[in-house]
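> Would you mind keeping the following structure in view while I ask a few things?
Just so it is clear, none of the values below were taken in a lab; they were calculated from the coordinates. This is a predicted model, so every value here is computed, not measured. Don't worry about glycine lacking a Cβ; one is built from the backbone with ideal geometry, like all the others, and counts go over all protein chains shown.
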Amino acid sequence: MAAVLAGAAVPTYAEPSGFAAQDRADAICIAVIATAWESLPADTTVEARLGLTGVLNYFLGKIRGRHPALEIADLYSPNYMASLQSEVASSMQRCVDEGMKMGLELEAAGRAMRMSKEGNTQK
């Protein structure tokens, strides 16, 4: 990883078997989150850490849904993750936007479920 940050050439590694462009895009978002996680300040709240974990699980779930037999270790192999690092910075906003959109949708769904349970159908 230090070689990546220092600008050294990183050899490319084969995508996990059967991966397509969308799988790579989602894997890059996992690398974005891993990079963000590594730079979290020590005083980051539990809620913020849980939110980041939720977004990571969202992208992992997208990939796993398309590839149920995927070995997670293949996805998280240091060599494969290192091969994605050159695309982390340019993909950060896309990944953040998608993660935020999903988070807002889940919050809305949670509110709707609570209102339904309480017998209130207003939004």
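> Only helical DSSP H runs with n ≥ 4 go in: add -39500 (n - 2.57) per run for the chain, normalise by residue count and round the 222 nm mean residue ellipticity to 500 deg cm²/dmol.
Values: 6 runs with 85 residues, N = 123.
Rounded to the nearest 500, the figure is -22500 deg cm²/dmol.
> Using 0.36 nm per residue, how much length does the chain from ALA73 to SER90 gain when fully extended, once their Cα-Cα distance is taken away?
Once the chain is fully extended between ALA73 and SER90, it gains 3.6 nm.
> What's the Kirkwood radius of the chain in Å, using all Cα pairs?
Details: mean 1/r = 0.0619 Å⁻¹.
About 16.2 Å, per the Kirkwood formula over Cα pairs.
> Here's something else I'd like to know. Just grab the label-to-label distance for THR45 and ASN57, each label 7 Å out from Cα along the Cβ direction, in nm (one decimal).
1.9 nm
> Just to confirm a number: summing +1 for Lys and Arg and -1 for Asp and Glu over residues other than MET100 whose beta-carbon lies under 12 angstrom from that of MET100, what do you get? Intermediate values should be presented prior to the final figure.
Working: positive: ARG94, LYS101; negative: ASP97, GLU98, GLU105, GLU107.
Local net charge: -2.
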